[in-house]
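Here is the structure we will look at, set down as structure tokens.
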Amino acid sequence: MTRRAGEQSERTRAEEVDRTRLTDVAKSQRQWQATFDAVTDYIVVFNAERTIRKVNVSFAARFGKHPREIIGMKVSDLFQMSLPHDNCVIDRAIMSNSVVIDEVGVDGEIYLTSIFPALFGEEQVYVGILKNMTEMNRMRDQFYHAHKLVSLGQLVSGVAHELNNPLTGILGLTELMLRKVPDESVRAGLDKIRKAAERCAEIVDSLLCFSRQQMPQRSLAHLNYVIDRTAGMRIYWFRKRGIEIVKHYGDLPGVCVDVPQIQQVVLNIFLNAEEAIAQAGTQGCITVTTSHDEGRSCITTVIADNGTGIKSSDLPRIFDPFFSTKSVGHGPGLGLSIAYGLISEHGGTIAVDSKEGEGTTVTIELPVVKDGRGPSSCAT
Ligand SMILES: Nc1ncnc2c1ncn2[C@@H]1O[C@H](COP(=O)(O)OP(=O)(O)OP(=O)(O)O)[C@@H](O)[C@H]1O
Ligand SMILES: [Mg+2]
């Protein structure tokens with residue numbers, strides 16, 4: 001081989017190595033991009049001027065755009081916020097040039113936002129990863145709430161059982177003395193003691209309802225009918241207070257429930273709605289909607305009112321026993337906690353949604369338990 005031919009083949013080999021290297025780099029870039037885009041959390045890289053340098057597909061999709069359309073924009077323009085603002089995570093990361101992790105609210109959703117400083121060659125950039133925590137936080141809150149109610153139930157049932165014995169003694173002895181004592185003034189005093197003890201016994205019963213210490217006596221029933229009967233019990237008061245009751249009843253299958261217990265739940269909800277409407281002083285309306293979800297095998301009952309609504313700070317506490325916004329002596333605050341206990345005992349759920357000044361919606365879901373669980377669970 002001549003010297004010239006040797007140089008030629010060496011150049012070709014070097015070019016081939018370069019080409020292979022370039023292909024590897026391009027392949028590696030594509031792999032990184034694919035990794036980046038596979039992540040469903042939002043990833044955004046911006047520089048110290050807050051100009052976006054890179055985003056993943058998920059981040060771009062949140063704004064209904066292609067990543068190309070976002071690169072070069074200012075973070076503030078994208079989020080339509082004026083930067084800097086108090087305690088902004090982006091500012092904190094840029095100013096401290098260190099890792100910043102915080103929960104940030106964007107358009108009503110909560111994001112766990114982590115910002116990491118990095119270098120794009122000479123350029124200082126910041127890699128932001130935003131994880132949507134809204135659903136997870138909601139589930140965590142629900143779990144804490146259910147856990148809290150279980151602990152409260154255990155405490156309450158212990159206290160209620162302890163109170164039952166002395167109360168039975170007080171009531172029994174008062175009855176006995178009432179039979180023996182002829183003096184009218186003493187009898188009047190004894191009568192007051194009996195009434196007070198009976199009131200206490202009612203509260204103890206309610207507490208046992210909340211803590212699910214009473215087994216439901218189930219029978220096959222039609223919920224629309226049960227609700228109608230309960231509404232019938234309040235019809236005089238609805239009329240007197242000018243409350244319209246609107247019914248949207250769905251076609252429901254029969255279900256196995258303890259009718260008096262379900263009536264008590266519905267009654268407690270009606271009473272709360274009536275009071276809230278009376279307080280609001282507006283033209284009152286209670287809407288009852290029932291429906292059957294065959295797929296999920298459950299019956300949903302929604303009772304909505306246009307009363308005062310509930311303060312958002314009170315909402316997490318409304319199922320707690322003895323939580324009440326009524327003045328002292330006007331309600332022990334047991335209505336919803338009893339409803340919660342009874343519906344849970346039926347294997348269902350009860351949830352309250354409310355906006356202060358607009359009204360309240362109570363949603364009850366009951367599983368369709370037919371007579372398939374044996375005659376003892378459902379008497380027809
Ligand atoms: N429909 C509603 N509209 C507005 N506030 C409501 C409604 N339902 C419940 N609340 C709020 O929740 C609190 C707790 O309700 P709950 O029924 O458990 O107790 P209560 O009505 O205060 O007393 P009780 O039912 O024992 O007479 C109420 O005091 C009220 O502040
Ligand atoms: Mg009540």
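The largest-to-smallest principal axis extents of the Cα set in the range 262-308 are 41, 20, 11 Å.
Here the scattering of the range 270-362 is modelled by Debye summation over its C-alpha atoms, one equal scatterer each and no solvent; at q = 0.16, 0.19, 0.20 Å⁻¹ the log10 of I(q)/I(0) is -0.70, -0.96, -1.05. Against the main long axis of the alpha-carbon atoms of the chain, helix 259-280 sits at an angle near 80°. Per-residue Karplus couplings for the range 336-341, computed as 6.51 cos²θ - 1.76 cosθ + 1.60 with θ equal to phi - 60°, are listed in order as 6, 5, 5, 4, 4, x Hz, Gly and Pro entered as x.
Give me the log10 of I(q) over I(0) for the range 219-373 at q = 0.19 Å⁻¹, as the Debye formula computes it from C-alpha points; what are the numbers? At q = 0.19 Å⁻¹ the computed log10 ratios are -1.23. Model label sites at residue 236 and residue 249, defined 7 Å from Cα along the beta-carbon direction, differ in position by 2.3 nm. Longest stretch of the chain clear of exposed loop sites (GluC sites (Glu not before Pro), DSSP loop, at most 14 other Cβ atoms within 10 Å, sites excluded): 123-293. Relative to the longest principal axis of the Cα atoms of the chain, the long axis of helix 223-233 lies at roughly 50 degrees.
Applying 0.36 nm per residue to the separation of residue 355 and residue 368 and subtracting their alpha-carbon distance, the gain on full extension is 1.7 nm. Using the Karplus relation 6.51 cos²θ - 1.76 cosθ + 1.60 with θ = phi - 60°, the per-residue 3J(HN,Hα) values for the range 126-136 come to 10, 9, x, 10, 10, 10, 6, 9, 4, 5, 5 Hz, with x marking Gly and Pro.
Multiply the residue gap between residue 118 and residue 141 by 0.36 nm, knock off their C-alpha separation, and tell me the result in nm, one decimal place. Please report the intermediate quantities before stating the final value.
Working: separation 23, 0.36 × 23 = 8.28 nm, distance 3.52 nm.
Residue separation times 0.36 nm, minus the Cα-Cα distance, leaves 4.8 nm.
Considering only the Cα atoms of the range 81-191, their convex hull presents on average a projected area of 14.2 nm².
For the pairs 74/355; 148/326; 240/326; 65/355, flag any whose C-alpha to C-alpha distance is greater than 25 Å.
From 74/355; 148/326; 240/326; 65/355, over 25 Å: 74/355; 65/355.
Taking amide H positions as modeled 1.01 Å from N, with prolines and chain starts lacking one, the residues under 5 Å from residue 54 and 5 or more places away or on another chain are 45. Here's how it looks for residue 133: its modeled amide H is under 5 Å from those of 110, 111, 112, which are all 5 or more places away or on a different chain. Based on the reciprocal of the average 1/r between different C-alpha atoms, the Kirkwood radius for the range 39-132 equals 13.3 Å.
Between the amide H of residue 285 and those of 244, 306, distances stay under 5 Å, these residues lying 5 or more places away or on another chain, with hydrogens modeled in the peptide plane. Straight-line cross-link partners of residue 311 among the aspartates and glutamates, defined as a Cα under 19 Å from its Cα and at least 8 positions apart when in the same chain: 141, 274, 275, 320, 353, 356, 358. Taking each residue as 0.36 nm, the span from residue 63 to residue 20 lengthens on full extension beyond its C-alpha to C-alpha distance by 11.7 nm. Only helices enter this figure: runs of n ≥ 4 DSSP H residues, each worth -39500 (n - 2.57), summed and divided by the residues of the chain, yield -16000 deg cm²/dmol at 222 nm to the nearest 500. Volume per residue of the convex hull around the Cα atoms, evaluated for the range 137-210, comes out as 70 Å³.
When you work out D = kT/(6 pi eta Rh) for the chain at 25 °C and 0.890 mPa s, using the Kirkwood radius from C-alpha pairs as Rh and the Stokes-Einstein form, the result is 91 µm²/s.
With R₀ set to 45 Å, the beta-carbon distance separating residue 201 from residue 87 gives a calculated FRET efficiency near 0.25. Scalar couplings 3J(HN,Hα) for the range 199-205, obtained by applying the Karplus form with A = 6.51, B = -1.76, C = 1.60 to θ = phi - 60°, are 4, 4, 4, 4, 5, 4, 4 Hz; x denotes Gly and Pro. Candidate cross-link partners of residue 180 among the lysines, defined by an alpha-carbon separation under 23 Å and a same-chain spacing of 8 or more, comprise 192, 195.
Values quoted throughout were computed directly from the atomic coordinates according to the rules given, and no laboratory measurement underlies them. Everything numeric in this text was worked out from a predicted model, so none of it was measured. Please note: Cβ atoms are built from the backbone with ideal geometry, for glycine as well, and neighbour counts cover all protein chains shown.
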